[in-house]
Amino acid sequence: MLTLDLSNEPRWHDLAPGVRVQLRPLTTALMVATRSDPVVEAVPREASDEERALAFAKALARRAVLAWEGVGDANSQPIDPSPEAIDALLDIWPIFEAFQLAYVSKGLLLEQEKNASAPLPSGPSAGASDTATPVRKPVRTARRG
């Protein structure tokens, strides 16, 4: 059964020991606005999925983060969220992963349910094993017609 949370109140999410962020609810309006963000739209077509995911996560976080605790500058002085500070926070791999799992994946859970299998706790390829043997040397790219 789908449970609707009609309160639409911001929530605190722990991203690392001593670091937590207050985030807006992940609504359709927030996702649509993020998809049309100029930074997201500027990602080149040939960019990897990882580059796209990082650009999207940063754009989403810039819209969603309302406050945080446990984040400071180089002198260990607390700082307020700003677009630059949010981007810098998400450049820290464990923080990025926690943000993806705690916030983004929860919003995409319904999309995953259509695939008849739940997402794995640490990514879609966790637990999968390689089936192909590595190549010995690279192959030349085919000529274009």
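What follows draws every value from the coordinates through simple rules; no lab data is involved. This one's a predicted model, so the numbers in the text were calculated from it and none came from an experiment. Backbone-built Cβ (ideal geometry, glycine too); neighbour counts: all protein chains shown.
Some values worked out for this structure:
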read-out: Amide hydrogen neighbours beyond the local backbone of Ala67, cut-off 5 Å, H modeled; value: Gln22
read-out: Global geometry of segment 11-113, whether rounded, prolate or oblate, following the gyration tensor of its Cα atoms and the 1.5 cut on a/c; value: prolate
read-out: ³J(HN,Hα), Karplus 6.51/-1.76/1.60, whole Hz, each residue of segment 10-26, x for Gly, Pro; value: x, 10, 8, 10, 7, 9, 6, x, x, 10, 9, 10, 9, 10, 5, x, 7
read-out: Förster-model FRET efficiency, 30 Å R0, Val39 and Arg144, C-beta, rounded to 0.05; value: 0.45
